[in-house]
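Working notes, beginning with the structure itself.
The values are calculated or read from the model by the stated rules, or taken from the named source; none is laboratory data. Note that this is a predicted model, so its numbers are computed, not measured. All Cβ positions, even for glycine, are placed from backbone atoms using ideal geometry, and neighbour counts span all protein chains on display.
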Amino acid sequence: GALALAAADTAAARQASLDALASGPRTPAGGRAADRLLRVGGLDAATAAGAAEALSRTGERARALEAYDLHARLVGGVEAMAPEARLARARLLAATDRRQDEAVTEFRALSTHEDERVGAVALDQWARLRRSQGRTGDEATLRGWLLERYPTSPEAADVVFFRGDAAHDRNEYPEALRQYEALVDMAPSQSRAGLARMRAGMIHILHDRPREAVDVFEGYLRDFPDGRRWEEAAYWAAHGRLLLGDSAAARDHLARIREENPFSYYAVRGAERVGEAFSLDLPAGPEPIMAPWVGEGLRRLDLLDAAGLEEGSAAEVERLVARSRGDRDAMLRLAEELVVRGHTIPGINLVWELRSDGEPWTLRLARAAYPFPFREAVLREAEEWGADPWWVVAIIRQESAFDPDIRSSAGAVGLMQVMPETGRQVARAVGPESFRPEALEEPDVNLHLGTHYFVENLQRFGGVVPLVLSAYNAGPHRADAWRRFPEARDWLEFTERIPFGETRDYVKQVTRNRALYQELWRDVPRRDVSF
């Protein structure tokens, strides 16, 4: 399409761009095709709408708004647009300073729509716009309308939850409980309502009210026996039952966690709660057969890797993975071989595909899901800095899945996802000299600096690992603030109180990873990374 456009062949450019947009509307290529179509012109209403969606997904907000404006003209005005498209256009208007009055007009028109997926979102976005303009009184009014008109919507649930959350942050526990309980009554099936129940139960734990806590957690389990928070509810229900002296009921809750998800954070904590060592009783599992085509593909992959042809390697991995699907032996053997060759993420993902297809856990499958590349380097750096190697590998598994070239959207690099500025600061103290940010892609350098940074945080936070992991994920300044929570009297309670969902999950997952790695790899000779 771009070549045809450069050659002034607009008909060919239009067709090529239409094809590209149709085949990948959610991809960067689709966004580029949409941009070319706008330049070529001659779009019909449906194509203009599709181009607007593609441009919006790729972050081209100004061009997306152009496309939505074109679509509105082609259909005879904004009133004739589909409500979802009209709402998407209004959100772009709100992000354009000189057109925010138009956004308000659109939000007002959509704010009474019969579909809460339109009306509630319109009110929520209108309120957000007023807050950004400093008009907090208008924001409060709009939030009130949202609760009145769409009380069961996710947006209304957010309003009530964050009222409770704000009271919780101020240690105003009766008000926090009132808001959390109101949310559960108002919209019990919303995800925020589940979190509100967990928060309410933990407030009762904090104030030494185990009976009330058990009522909350077991109430959740009755209403949502397989809900997304059932393990959390079961664990803390067991905790409350133990405080009440009902060890039989506590063990029933913990047994369900262990049986249904033995690899979970709450299975690890559950074993600790009853004074047992966490363990996995897994069969070894048969050695998967290496099909000839797998071996041939791996030899091609080795040649591509040796030649440094990254795109070719990625294409070969994708081809092998696609061909392996549906063949249990091929999938497992390929997963193992990809991990050994450094293609850890597609290898690990294959294991999860096997699990979703019903493959039972074996020791072999578990080691493929939680592999230990760079083992010698991890053990060496941990020994040098006096760190627990199981924490180091647990962090790596969560941060990068052992891909040394991976970069986060925030700019963190490599195995331990070290930020360049952090790497520079640590390198001044412990080397290497003449630090360059690109050196973070080198596994040895990344492990050297990342492990030292982890140890620095251990020292800063007195060895309290939930605080250390919070600092590693969200920054030391946030961990410093959070350590003042009353829940910091108990580090398991503190973990549940971490305000950021991403950080809360990170602490749990790394803690879980450490237990799994210690169980899976503790008795394997240091230099043996085979399966």
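Taking helices (runs of 4 or more DSSP H) that fall entirely within segment 97-205, which contain at least 1 residues that are surrounded by fewer than 18 Cβ atoms within 10 Å (Cβ to Cβ) and hydrophobic (A, V, I, L, M, F, W, C)?
Working: elements: 100-110, 116-132, 136-149, 154-169, 173-186.
Once the helices (runs of 4 or more DSSP H) in segment 97-205 are filtered for at least 1 residues that are surrounded by fewer than 18 Cβ atoms within 10 Å (Cβ to Cβ) and hydrophobic (A, V, I, L, M, F, W, C), what remains is 100-110, 136-149, 154-169, 173-186.
Are any residues in segment 345-381 of a type in the set (Ser, Thr, Tyr), farther than 14 Å from PRO288 by Cβ and not in a helix (DSSP H, G or I), and if so, which ones?
Filtering segment 345-381 for residues of a type in the set (Ser, Thr, Tyr) gives 356, 362, 370.
Filter again for farther than 14 Å from PRO288 by Cβ, leaving 356, 370.
Once the filter is applied, which keeps residues that are of a type in the set (Ser, Thr, Tyr), farther than 14 Å from PRO288 by Cβ and not in a helix (DSSP H, G or I), segment 345-381 yields only TYR370.
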Looking only at segment 225-266, and only at residues there that are surrounded by fewer than 23 Cβ atoms within 10 Å (Cβ to Cβ) and among the hydrophobic types (A, V, I, L, M, F, W, C), the one that is nearest to LEU365 (Cα to Cα): PHE263
Identity of the residue in segment 430-470, within 24 Å of ALA377 (Cα to Cα) and of a type in the set (Gly, Ala, Ser), that ends up surrounded by the fewest Cβ atoms within 10 Å (Cβ to Cβ): SER434
Hits in segment 183-220 - residues which are over 28 Å from the mean Cα position of the chain (by Cα) and under 13 Å from GLY164 (Cβ atoms): ASP185
Cross-chain or 6+ apart pairs with Cβ under 7 Å, segment 380-392 first and assigned by TED's automatic domain parsing to the domain that holds GLN417, then assigned to a helix (DSSP H, G or I) and among the hydroxyl-bearing types (Ser, Thr, Tyr): GLU381/THR451; ALA382/THR451; TRP385/THR451; ALA387/THR451; TRP390/TYR517; VAL392/THR451
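Out of segment 312-326, which residues are of a type in the set (Asp, Glu) and either in the same structural domain as ALA401 (by TED's automatic domain parsing) or touching a Leu at 6+ places or on another chain (Cβ under 9 Å) (or both)?
Just the residues of segment 312-326 that are of a type in the set (Asp, Glu), to begin with: 316, 318.
Across segment 312-326, the qualifying residue is only GLU316.
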Test for ARG325: is it surrounded by fewer than 16 Cβ atoms within 10 Å (Cβ to Cβ), within 27 Å of the chain's Cα centre (by Cα), modelled with pLDDT of 95 or more and closer than 22 Å to ALA366 by Cα: yes
Any hit, segment 54-61, residues being surrounded by fewer than 18 Cβ atoms within 10 Å (Cβ to Cβ), touching a His at 6+ places or on another chain (Cβ under 6 Å) and touching a residue at least 12 places away in the same chain (Cβ under 8 Å): no
Single match in LEU449, LEU467, LEU458 (criterion: part of a helix (DSSP H, G or I), more than 20 Å from the chain's Cα centre (by Cα) and farther than 17 Å from ARG428 by Cβ): LEU458
